[in-house]
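Enquirer: Let me begin by handing over the structure; questions about it come next.
The values are calculated or read from the model by the stated rules, or taken from the named source; none is laboratory data. Just so it is clear, the structure is predicted and the values come from calculations on it, not from any experiment. Here the Cβ positions follow ideal geometry from the backbone for every residue, glycine too, while neighbour counts run over all protein chains shown. When the accessible area is computed, the model is the full protein with side chains, heavy atoms only, and any ligands, DNA or RNA have been set aside. Shrake-Rupley method; radii C 1.70, N 1.55, O 1.52, S 1.80 Å.
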Amino acid sequence: MRLVGLKRAVTALRKLEASFDFQAELLVDAARVSADAGYPMETFAYGSTPLRSFLALFACDAVAARLARSDPQRHTPHGLAPLPRFVVLGSSLGWLVFYGACVFGLPSEGVEILPLLCRTATETAAAAGLGHGHDRVRFENADMLTHDLRDPDIVLLASQCWDEELRDDLAVKLLNELSVGAIVLDYS
């Protein structure tokens, strides 16, 4: 069922990102948030990630080892470790969140500052049958610098367009909030 949901989500997102109306609305949303939050417009560049790239990233030794120690059924504390909680900072339309939930069955959360992207990701998840509770997919419209990061086991940074100041501020936050042993992947 998860892969069927992923196919539905990917099909919808590909169609959406080809839409001129969506691209125009995204530009307006980014300009508004840039002005309100003080982040440079370049921070909000849009891009999608192929599944193959995500799989290569998750094949790294640290992530592969964490996944191998996990129990998809979340058995007792005396058995295998529970599934890692996966969080994507700068989740955009949810590509990486959908991949984590659908391919690996991870409880997955996307944190996205642009309301349009967060709303659209949430709607796409629901339409694909991947919404809250079903495959543990959820999205938060929030600034990652104020979002609570005390709980995730794997954090993926969609940081390709972030400036140095934002990266430095986030590094301090991650060091102060993440649990010992949390894995941070910088997808840039």
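Enquirer: How far apart, in nm, are the 7 Å Cα→Cβ label points at ASP163 and THR49?
Expert: Distance between label points: 2.4 nm.
Enquirer: So, for the chain, what is the accessible surface per residue at a probe of 1.4 Å, expressed in square angstrom?
Expert: On the way: 9630 Å² over 188 residues.
Here the per-residue accessible area is 51 Å².
Enquirer: Between VAL103 and ALA65, what is 0.36 nm times their sequence separation minus the Cα-Cα distance? Round to one decimal in nm. Before the final figure, lay out the partial values.
Expert: On the way: separation 38, 0.36 × 38 = 13.68 nm, distance 1.60 nm.
Gain on stretching VAL103 to ALA65: 12.1 nm.
Enquirer: Leaving ligands, DNA and RNA out of it, rank VAL184, VAL155 by accessible area with a 1.4 Å probe, largest first.
Expert: Most to least solvent-accessible, the answer reads VAL184, VAL155.
Enquirer: Can you give the angle from 0 to 90° between the axis of helix 115-127 and the longest principal axis of the chain, with both taken from C-alpha atoms, to the nearest 10?
Expert: Taking the Cα atoms of the chain, the angle to 115-127 is about 50 degrees.
Enquirer: At 0.36 nm per residue, minus the direct Cα-Cα distance, what do GLU177 and HIS147 gain on full extension? Give it in nm, one decimal, please.
Expert: Length gained between GLU177 and HIS147: 9.8 nm.
Enquirer: Okay, moving on. In degrees, nearest 10, range 0 to 90: what is the angle between the Cα axis of helix 2-17 and the longest Cα principal axis of the chain?
Expert: It is inclined by approximately 10 degrees.
Enquirer: Most fluctuating residue of PHE20, PHE104, PHE139 in a GNM of the chain with Cα springs under 10 Å: which is it?
Expert: Its mean-square fluctuation being the largest, the pick is PHE20.
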